[in-house]
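The values are calculated or read from the model by the stated rules, or taken from the named source; none is laboratory data. None of these values were measured; they are calculated from a predicted model. No Cβ is skipped: glycine too gets one built from the backbone with ideal geometry, and neighbour counts run over all protein chains shown. Protein only, heavy atoms only, side chains kept; ligands, DNA and RNA dropped before computing areas. Shrake-Rupley method; radii C 1.70, N 1.55, O 1.52, S 1.80 Å.
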Amino acid sequence: MTNRLSRSQVLLIGCAFVLDSTLISKPSLVIRDLRSDFWIGFAISGAYGLAVIVLYSILASRFPRRDLFDGLIAASPRFGRLLVGGYTLFFLGILLRDVRATSDFVKITLLPVTPIPVITSLLAICIYAIARHGKIVVARMSQLWQPMLILLILCLPIFLSSALVFENLLPVFQHSPRDVWKGSSHLISYAGEAIGIFMIATYRSWTMRYSIYSFMLGWFLLLVLTITVVLSMGIELPVRTLYPNYMMIRKVRLTDFLDRLDLPMVGVWLPAMMVKTSFGLYIAANGVARILPKLRLPMLTAIVCVAAAVCAVTLFQNAMQLFAYDRWFTPAAMAFQLALPALLLLVFRKRKKPPADWPAEAESTESY
């Protein structure tokens, strides 16, 4: 069995990185700051995400037969391992944020009397069971759940067509550049999360075109979802709601006797979110495995999963603290997503020929 990801898998994985965790609560913050100009915030953060994708695509093309972790270590063993360590910490930060955000959502909307440690422990067990088998298994699960989530988002405007009020999109261009930046900043770090595909797939698996497609698909779906929220709920209600997308889908009614479709819809998003979180776990554990190659990846996956779950429970007292976490995490994300690849492009110049010790077709270094 090959360890290479197909381009369709890369397309869905990139879409999941951009979409699945962003839709939980970020749209309400953008609407709060920009109101009917929220689309400008999406445009600016989307342009940022495209710039990040292009930079990483050029950087990863320097190592066409390896993923970025392997390429950095092969080009400079010591400096490369230092960089991989930094990326590992970065994705660990994303992982514990996603674990806590998902746990808070489940507690607030589905299991209000269940303690957060119990929910987080069950979630950690699920994502470990997915991630421990490697990227191919996680990618195949993404092929199952991500298309269902995409179809669901595209159908929501149809389900809610009778409740859409297009006047909610007016007025436009009512905010200063400072307000626009403030609203856009809520999405900046999330827009750049698609760099995860460069850590798990070789250039032959994705190419720059497919990486851009994956980002644009996820960002387009997020914009469709946010527009539907504004059209169906107005401006004021999403601002006062922690999970506006969930409140919106509770309004879905099919005929006069079929309602409460929020549960099956959450039943599609939650597995897709766990698959996305499993990719974050795999990247963080695989980064440690590249630094310490003598340790087995499944054992490292368990250790990283437990560490992320413990941190997710202990570092946040409530769901609102995630917003403060995102505020200081955004500058760190911009450093890893934008500044660092620009610097690395100057350090790792394009080679005319690959080094002689590079294999003709690099395979994953997973060890089971």
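Picking from Phe79, Phe69, which residue would you name as being within 19 Å of Gly134 (Cβ to Cβ) and part of a helix (DSSP H, G or I)?
Phe69
Per-residue answers, yes or no, for (1) farther than 30 Å from Arg253 by Cα; (2) among the aliphatic types (A, V, I, L, M):
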site	(1), (2)
Leu164	no, yes
Asn168	no, no
Pro177	yes, no
Val180	yes, yes
Gly183	yes, no
Tyr190	yes, no
Gly196	yes, no
Ile200	yes, yes
Tyr210	yes, no
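Condition test on Arg260, is it basic (Lys, Arg), at pLDDT below 90 and either part of a loop (DSSP other than H, G, I, E, B) or surrounded by 22 or more Cβ atoms within 10 Å (Cβ to Cβ) (or both)?
Spelling it out, Arg260 is indeed basic (Lys, Arg), at pLDDT below 90 and either part of a loop (DSSP other than H, G, I, E, B) or surrounded by 22 or more Cβ atoms within 10 Å (Cβ to Cβ) (or both).
So which of Leu340, Leu346, Leu315 is open to solvent by 70 Å² or more (accessible area, probe 1.4 Å) and under 23 Å from Arg62 (Cα atoms)?
Among Leu340, Leu346, Leu315, only Leu346 is open to solvent by 70 Å² or more (accessible area, probe 1.4 Å) and under 23 Å from Arg62 (Cα atoms).
Would you pick out the residues in segment 102-138 that are of a type in the set (Gly, Ala, Ser) and surrounded by fewer than 22 Cβ atoms within 10 Å (Cβ to Cβ)?
Once the filter is applied, which keeps residues that are of a type in the set (Gly, Ala, Ser) and surrounded by fewer than 22 Cβ atoms within 10 Å (Cβ to Cβ), segment 102-138 yields Ser121, Ala129, Gly134.
Filtering segment 10-66 down to residues that are more than 26 Å from Leu149 (Cα to Cα) and polar (S, T, N, Q), which residue is least open to solvent (accessible area, probe 1.4 Å)?
The selected residue is Ser57.
Are there any pairs, at least 6 apart or on different chains, whose C-beta atoms fall under 6 Å, with the first in segment 284-306 and within 24 Å of Glu193 (Cβ to Cβ) and assigned to a helix (DSSP H, G or I) and the second open to solvent by 30 Å² or more (accessible area, probe 1.4 Å) and among the small types (Gly, Ala, Ser), and if so, which?
Leu297/Ser367
Within segment 179-251, considering only helices (runs of 4 or more DSSP H) that don't extend past its boundaries, which have at least 1 residues that are farther than 28 Å from Trp328 by Cβ?
Because the criterion is at least 1 residues that are farther than 28 Å from Trp328 by Cβ, the helices (runs of 4 or more DSSP H) in segment 179-251 that meet it are 203-233, 236-239, 244-249.
Is it the case, given these coordinates, that Leu111 is assigned to a loop (DSSP other than H, G, I, E, B) and farther than 21 Å from Ala308 by Cα?
Yes, satisfied.
I want to confirm something. Restricting to segment 157-171 and keeping residues that are open to solvent by 50 Å² or more (accessible area, probe 1.4 Å) and in a loop (DSSP other than H, G, I, E, B), which single residue is modelled with the highest pLDDT?
Checking each candidate, the answer is Val165.
If only one of Ser232, Ser185, Ser214 is in contact (Cβ under 8 Å) with a residue 40 or more places away in the chain, closer than 30 Å to Arg65 by Cα and small (Gly, Ala, Ser), which one is it?
Of the residues listed, the single one that is in contact (Cβ under 8 Å) with a residue 40 or more places away in the chain, closer than 30 Å to Arg65 by Cα and small (Gly, Ala, Ser) is Ser214.
Under the condition of being closer than 18 Å to Leu338 by Cα and of a type in the set (Phe, Trp, Tyr), which residue from segment 75-101 is surrounded by the most Cβ atoms within 10 Å (Cβ to Cβ)?
Per the criteria, the residue is Phe91.
Only one of (1) buried (at least 22 other Cβ atoms within 10 Å of the Cβ); (2) within 30 Å of Ile153 (Cα to Cα) fails for Leu72. Which number is that?
(2)
Has segment 271-281 got at least one residue that is modelled with pLDDT of 90 or more and either assigned to a loop (DSSP other than H, G, I, E, B) or over 20 Å from Ile24 (Cβ atoms) (or both)?
So far as segment 271-281 goes, no, none of its residues is modelled with pLDDT of 90 or more and either assigned to a loop (DSSP other than H, G, I, E, B) or over 20 Å from Ile24 (Cβ atoms) (or both).
Can Gly41 be described as within 21 Å of the chain's Cα centre (by Cα) and on the phi > 0 side of the Ramachandran plot?
no
Of everything in segment 1-25, what is among the small types (Gly, Ala, Ser), more than 13 Å from Ser205 (Cβ to Cβ) and assigned to a loop (DSSP other than H, G, I, E, B)? Give them in sequence order.
Within segment 1-25, Ser21, Ser25 qualify.
Looking at segment 215-239 only, could you name the residues that are within 20 Å of the chain's Cα centre (by Cα) and buried (at least 24 other Cβ atoms within 10 Å of the Cβ)?
Selection gives Phe215, Gly218, Trp219, Leu222, Thr226.
Inspect segment 46-63 for any residue being more than 15 Å from Val313 (Cα to Cα), modelled with pLDDT under 90 and among the aliphatic types (A, V, I, L, M) and give the result as yes or no.
Among the residues of segment 46-63, at least one is more than 15 Å from Val313 (Cα to Cα), modelled with pLDDT under 90 and among the aliphatic types (A, V, I, L, M), which makes the answer yes.
Search segment 78-92 for residues that are in contact (Cβ under 8 Å) with a residue 40 or more places away in the chain and pair each with any residue that is open to solvent by 10 Å² or more (accessible area, probe 1.4 Å) and charged (D, E, K, R) when their beta-carbon atoms are under 8 Å apart and the residues are at least 6 apart or on different chains.
Pairs that qualify, where the first residue is in contact (Cβ under 8 Å) with a residue 40 or more places away in the chain and the partner is open to solvent by 10 Å² or more (accessible area, probe 1.4 Å) and charged (D, E, K, R), are Arg81/Arg290; Val84/Arg290.
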